[in-house]
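Peer 1: Right, I'll just put the structure down here and ask away after.
The values are calculated or read from the model by the stated rules, or taken from the named source; none is laboratory data. Note that this is a predicted model, so its numbers are computed, not measured. Neighbour counts run over all protein chains shown; Cβ positions are idealised from the backbone, glycine included. Note: accessible area is taken over every heavy atom of the protein model, side chains too, but ligands, DNA and RNA are not part of it. Shrake-Rupley method; radii C 1.70, N 1.55, O 1.52, S 1.80 Å.
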Amino acid sequence: MSWRIVVISERAKLDYKLNYLVIRQPEKSTKIHLGEIAVLIIENTATSLTSYLLAEMVKRKIKIIFCDSKRSPLAETVPLYGSHNTSERIEMQLSWQEETKKAIWTEIIRYKILAQSQLLEYLGYDSASALLYSYIEDLRYNDETNREGHAAKVYFNALFGPNFSRDFDNVVNSILNYGYTILLSTFNREIVATGYLTQLGLFHSNNFNHFNLSCDLMEPFRPLIDYIAVKQCKYNSSKFDTDLKKKMLTLFKLGLNMDSKHCTFLNAVRIYIRSVFEALETDDPYRMVFFNAKKVYENNCNV
């Protein structure tokens, strides 16, 4: 099972040889078996790679993320065919019931706010945490009263200060945006591998967003990025540099509990996504499986 996150931060030439990614640099050459790689992040714009390597990695559903000159994620690979029965899955996706989609979206938001409130509680923001718990009690079908939006304002102001806004151009938002992009990429990879279209969402429906479904499903996992960001920002508040980006990749090292079983972050995403699709296919929202956020914060306190 693939598990490695490979980051190319220096000038390099990448090619393929006998099932290996070969990284050629001026002073050394490194080989990594493709079977071990889950994600390849190319940070340095001076990096080149062969089309043969690109094709082989896409075939194996290895996500490749390309960064811009500021080393921020810019684009990623999305295979045209993610599964042997993609056509069948797309037909099923088009037939999902609107009422079921709304019910599942409600549960997704419920768990997202729960994970946020538990993070605030873990960090000692008890009053803000209590307010978020009350929002969960007030949550209505399809979040018609926008409890998600109200919770977000309380949540981010507690984490980063009363004057904080997600619209600001600062190091905190750079960290969050970087982490959310990596998270989105992980969900894109798994959704495509399962045979569904990322463009057709449950709630998100932006015509210019190729990843509406991924944006929907990743919502409960966003607090994991916030958790890592809070831990790192305490010690790195002046500049979002390469070292800090690498620390954000500790996301992939988190241990999560899914349905009373301990698993890696990537396995947790895989289990969760498949449970959502099962819920959609059976019109039963209660088939969804979520991770235990409280245990994540407690068991990964050294992040």
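Peer 1: Residue separation times 0.36 nm, minus the C-alpha to C-alpha distance between ASP284 and ALA193: what's the value? Intermediate results must be reported in sequence, preceding the final value.
Peer 2: Working: separation 91, 0.36 × 91 = 32.76 nm, distance 2.27 nm.
Taking ASP284 through ALA193 to full extension adds about 30.5 nm, to one decimal.
Peer 1: Right, next: What number in nm² do you get for the range 1-145 if you take the convex hull of its Cα atoms and divide its surface by four? Numbers along the way, then the final one.
Peer 2: Details: hull surface 53.5 nm².
Seen from a random direction, the Cα hull of the range 1-145 projects 13.4 nm² on average.
Peer 1: What's the long-distance tail for the chain, i.e. % of Cα pairs beyond 23 Å? Don't skip to the end; give the middle numbers.
Peer 2: On the way: 26605 of 45753 pairs.
The proportion of pairs with Cα distances above 23 Å equals 58 percent.
Peer 1: Using a 1.4 Å probe and counting only protein heavy atoms, arrange TYR16, TYR122, TYR272, TYR52 so the residue with the most accessible area comes first.
Peer 2: These residues rank, largest area first, as TYR52, TYR122, TYR16, TYR272.
Peer 1: Nothing charged except the Cβ atoms of Lys and Arg (+1) and of Asp and Glu (-1): what's the magnitude of the dipole of the range 235-287 about its Cα centre? Round to the nearest 20 debye.
Peer 2: On the way: 9 positive and 7 negative charges, 94 e Å.
Around 460 debye, computed over the range 235-287.
Peer 1: Related question: Check cross-link reach from LYS153 to the lysines: straight Cα distance under 17 Å, and skip same-chain residues fewer than eight apart.
Peer 2: LYS112
Peer 1: Moving on to the next point. Would you mind working out the magnitude of the charge dipole of the chain relative to its Cα centre, with +1 at each Lys and Arg C-beta and -1 at each Asp and Glu C-beta, to the nearest 20 Debye?
Peer 2: On the way: 37 positive and 34 negative charges, 279 e Å.
Approximately 1340 debye in magnitude.
Peer 1: Quick one: if you stick a label point 7 Å off each Cα along the C-beta vector at SER51 and ALA75, how many nm between them?
Peer 2: If labels sit at SER51 and ALA75, their model points lie 1.5 nm apart.
Peer 1: Please go through the residue pairs LYS63/LYS239; LYS61/LYS246; LYS63/LYS253; LYS63/LYS102 and name each one whose alpha carbons sit more than 20 Å apart in this structure.
Peer 2: On the way: LYS63/LYS239 27 Å; LYS61/LYS246 23 Å; LYS63/LYS253 17 Å; LYS63/LYS102 30 Å.
Long pairs (Cα-Cα over 20 Å): LYS63/LYS239; LYS61/LYS246; LYS63/LYS102.
Peer 1: Tell me, in nm to one decimal, what length is gained between PHE66 and LEU94 on full extension, where the rule is 0.36 nm per residue of separation less the Cα-Cα distance? Intermediate values should be presented prior to the final figure.
Peer 2: Values: separation 28, 0.36 × 28 = 10.08 nm, distance 3.08 nm.
Computed gain between PHE66 and LEU94 is 7.0 nm.
Peer 1: Compute the separation of the alpha-carbon centres of the range 137-183 and the range 209-233 and state it in Å as a whole number.
Peer 2: A separation of 10 Å, based on Cα centres.
Peer 1: Return the aspartates and glutamates within reach of LYS295: Cα separation strictly under 14 angstrom, same-chain partners fewer than 8 residues apart disregarded; answer none if there are no such residues.
Peer 2: Answer for LYS295, where 14 Å is the Cα cut-off: GLU121, ASP259, listed by chain and number.
Peer 1: Using Cα pairs closer than 8 Å and at least 6 residues apart in sequence, work out the relative contact order for the chain, in percent. Intermediate results must be reported in sequence, preceding the final value.
Peer 2: Working: 466 pairs, mean separation 47.1, N = 303.
Relative contact order of the chain: 16 percent.
Peer 1: Helices from the chain with mean Kyte-Doolittle at least -0.5 and a Cα length along the axis of 27 Å or more, per DSSP H: which? Mind showing how you got there, number by number?
Peer 2: Details: long enough: 98-123 (38 Å, -0.23); 171-194 (35 Å, 0.70).
Membrane-span-like by this criterion, though nothing is claimed about a membrane: 98-123, 171-194.
Peer 1: How far apart, in nm, are the 7 Å Cα→Cβ label points at ARG274 and PHE252?
Peer 2: In this crude label model, ARG274 to PHE252 measures out at 2.1 nm.
Peer 1: Using the crude model of +1 on Lys and Arg Cβ and -1 on Asp and Glu Cβ, and no other charge, please compute the dipole size for the range 29-188 relative to its Cα centre, in debye to 20.
Peer 2: Details: 16 positive and 19 negative charges, 104 e Å.
Charge dipole, the range 29-188, about its Cα centre: 500 debye, nearest 20.
Peer 1: Follow-up. Restricting the count to DSSP beta bridges whose residues both fall in the chain, what percent are antiparallel, rounded to a multiple of 5? Write down the numbers at each step before the final one.
Peer 2: Details: 19 of 30 bridges.
Once the DSSP bridges in the chain are tallied, antiparallel ones form about 65 percent.
Peer 1: Dividing the convex hull volume of the alpha carbon atoms of the range 1-59 by its residue count, what do you get in Å³ per residue?
Peer 2: Details: hull volume 4.4 nm³, N = 59.
Hull volume over Cα atoms, normalised by residue count, gives 75 Å³.
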